[in-house]
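Input: a single structure, listed below in C-alpha cells.
The values are calculated or read from the model by the stated rules, or taken from the named source; none is laboratory data. What you see is a predicted model, and the numbers here were worked out from it, not measured in a lab. No Cβ is skipped: glycine too gets one built from the backbone with ideal geometry, and neighbour counts run over all protein chains shown. Accessible surface is based on the protein model in full, side chains and every heavy atom, while ligands, DNA and RNA are left aside. Shrake-Rupley method; radii C 1.70, N 1.55, O 1.52, S 1.80 Å.
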Amino acid sequence: MPEIETVESAVERGLCTAEEARAHGMTGAAVAGEVSAPDMALAAAKDALRGHDPGDIGLLLYTDVWHQGPDGWYPQYYLQHYLLGGRALALEVRQGCNGVFYAMELAAGYLRGFPDRGDAMLVAADNFGTPLVDRWRSAPFVFGDAAAALVLSTRAGFAQVLAMGTVSVPELEQEHRAGEPLYPPGPTTGAFLDFKARERRFNEQAANESALRQSWLTAHMHMLKLVNRLMSEAGIRYGDITRAVFTNLAPESIERRWMDVLRLPMEKSTWDYGRTIGHTGAGDPVLSLHHLLSTGVLKPGDHVVMGSVGSGGSISCAVVKILSVPQPG
C-alpha cells in the first residue's frame, strides 16, 4: 500500500473541486508514483507467501484493471521470474473490478481438478497514475494504487471459502462503453478515460429506452438471488454475517447495491477504510479483509461476505469463515 494523498490536498492543488469531492465522499487515494503495478504485486505476493514454499504454487492468476507495462508483455511472468519460478501455470485475468472473484472460481476448479499440482496464488495490482486517466476526476470515485495477494489451498488455512459465485447482466455492458467506438481501441489513439462522461451518455440513452431503464433493476434482482443462494450454500443466515467487504465506490452504491441486500447497516461495511485509499481496481475486497484482520476486528468463527460489481455487468460474491487470525510478520 503506497502513501496516501488526501482529497483535501488534491482540492487545494486544483486537481479536483470541493463539489466533486463531496459527491463521492472519499478522503484519500493511495498514490504509488513511479512504482509499477507488477513491483507492488511482487511485494504483495511475497507477503502472502509467508509460511509457504514458492515451489508449492501450481497456479498463478494475476488480475488487473489498468495497463501493467510494455504492450505485448505479461505481468504474471514477472512474478514467476523473481519469486515463483516457472513450474506454475501463470495467467492474466482481465475481468475488471471482479477479477479476484473470477480468479477464485477458476482456482477452485483447478485445485479440485488437479489436487497434486500445488496451491493457487491470486494477485491484483494497478497503478493509475498514468497520462490517460485522472485519478481524481475520471470516475465517480477516486482511483488508488495498490496490490493484494492471497493463496488458495485445499489444505488448512486461516480462513475457509464456504461459497462463491458470479452472475452477469450483459445489458449493462452498454454503460461502460456509451459513446465510445469499439475500434480503434481508445488507448491506441491516446483517448482519455472518462467513466463519468460514459455514465451520463448511458443515462441519457436509458431515459428513452425502457430495456435500459430496467437493466439496474434486473441487476438488483440477480444480486438478491445470488446472495440468497450463496448464504444457503454456506449454511448461514443473514444474522450470522459479521462484516462485509466490497469494491471502494461511493457510499450510496455500497449501501444500495450490497448492504440493503444483506440487511446490514453501513457500519458493518469497510467504507470507512475504503474511502481513505480509493478504488484500487480488483484488489479492494482483499485489502479490506486484510484491514479487518490486521486491526483485530475479526475473530475465529466470524463470517465475512465479500463482493464486487464489475464493468460490463457482472456481480460476484463470496462467503468466507475466519478460522484463525494470522499474526503480523
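How much length is gained if the chain between VAL167 and GLU12 is pulled fully straight, taking 0.36 nm per residue apart and subtracting their Cα-Cα distance, in nm to one decimal?
Numbers: separation 155, 0.36 × 155 = 55.80 nm, distance 4.16 nm.
The span from VAL167 to GLU12 would gain 51.6 nm if fully extended.
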- Note on the structure: For the ARG50, ARG263 Cβ pair and Förster radius 41 Å, calculated FRET efficiency rounded to 0.05 is 0.70
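If you place +1 on the Cβ of every Lys and Arg and -1 on the Cβ of every Asp and Glu, how big does the dipole about the Cα centre of the range 59-156 come out, in debye to the nearest 20? Mind showing how you got there, number by number?
Details: 7 positive and 9 negative charges, 42 e Å.
So the magnitude is around 200 debye.
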- Note on the structure: To the nearest Å², the heavy-atom accessible area per residue of the range 87-219 with 1.4 Å probe amounts to 50 Å²
- Task: Please report the base-10 log of the normalised intensity I(q)/I(0) for the chain, using a Debye sum with one equal scatterer per alpha carbon and no solvent, at each q in 0.07, 0.10, 0.14 (1/Å).
- Result: -0.27, -0.57, -1.18
- In whole percent, what relative contact order does the chain give with Cα contacts below 8 Å and a gap of six or more residues? 24 percent
- Message: Antiparallel versus total DSSP beta bridges in the chain: what percent is that, nearest 5?
- Response: 65 percent
- Tally of Lys pairs whose C-alpha atoms are under 25 Å apart, taken over the chain, 8 or more apart or cross-chain: 7
- Item | Three-way shape label, the range 1-158, alpha-carbon gyration tensor, a/c 1.5 | prolate
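With n ≥ 4 as the cut-off for DSSP H runs, can you work out [θ] at 222 nm for the chain, using -39500 (n - 2.57) per run divided by the number of residues, rounded to the nearest 500? Please list the in-between numbers first.
Working: 12 runs with 106 residues, N = 329.
Roughly -9000 deg cm²/dmol at 222 nm, from the helical runs in the chain.
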- Put +1 on the Cβ of every Lys and Arg and -1 on every Asp and Glu Cβ in the range 201-274; which of VAL261, TRP271, PHE246 then has its Cα farthest towards the positive end of the dipole? VAL261
- Item | Only Lys, Arg (+1) and Asp, Glu (-1) charged, at Cβ; the range 138-207 dipole about Cα centre in debye | 180 debye
- Message: For ASP194, what accessible surface area do you get with a 1.4 Å probe? Give it in Å², rounded to 10.
- Response: 50 Å²
- Taking 0.36 nm per residue of separation and subtracting the Cα-Cα distance, what length does fully extending THR188 through ILE4 add? 63.2 nm
- Tally up the carbon and sulfur contribution to the accessible surface of the chain as a whole percent, 1.4 Å probe, everything protein left in place. 53 percent
- Task: Please give the solvent-accessible surface of VAL31 in Å², to the nearest 10, using a probe radius of 1.4 Å with every protein chain present.
- Result: 40 Å²
- Task: Please label the shape of the range 125-231 as rounded, prolate or oblate, based on the square roots a ≥ b ≥ c of the eigenvalues of the alpha-carbon gyration tensor (a/c under 1.5 means rounded; beyond that, a/b larger than b/c means prolate, else oblate).
- Result: oblate
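Any chance you could run the full-extension gain for GLN214 through ARG256? It's 0.36 nm times the residue separation minus the Cα-Cα distance, nm to one decimal. Don't skip to the answer; put the middle values down first.
Numbers: separation 42, 0.36 × 42 = 15.12 nm, distance 1.59 nm.
Length gained, GLN214 through ARG256: 13.5 nm.
What does the charge dipole of the chain about its Cα centre add up to, to the nearest 20 debye, if the Cβ of each Lys and Arg holds +1 and the Cβ of each Asp and Glu holds -1? Don't skip to the end; give the middle numbers.
Numbers: 28 positive and 37 negative charges, 181 e Å.
Approximately 880 debye in magnitude.
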- Task: Please list the radius of gyration and Dmax for the range 33-111, considering alpha-carbon atoms only, with Å as the unit.
- Result: 12.4, 37
- Message: When a/c reaches 1.5 or more, the comparison of a/b and b/c decides; with that in mind, is the range 215-308 rounded, prolate or oblate per its Cα gyration tensor?
- Response: oblate
- Query: Using the Karplus equation 6.51 cos²θ - 1.76 cosθ + 1.60 (θ = phi - 60°), what ³J(HN,Hα) coupling, rounded to whole Hz, does each residue of the range 127-144 give in order, writing x for Gly and Pro?
  - Reply: 10, 8, x, 10, x, 8, 9, 10, 4, 8, 9, 6, 8, x, 7, 10, 8, x
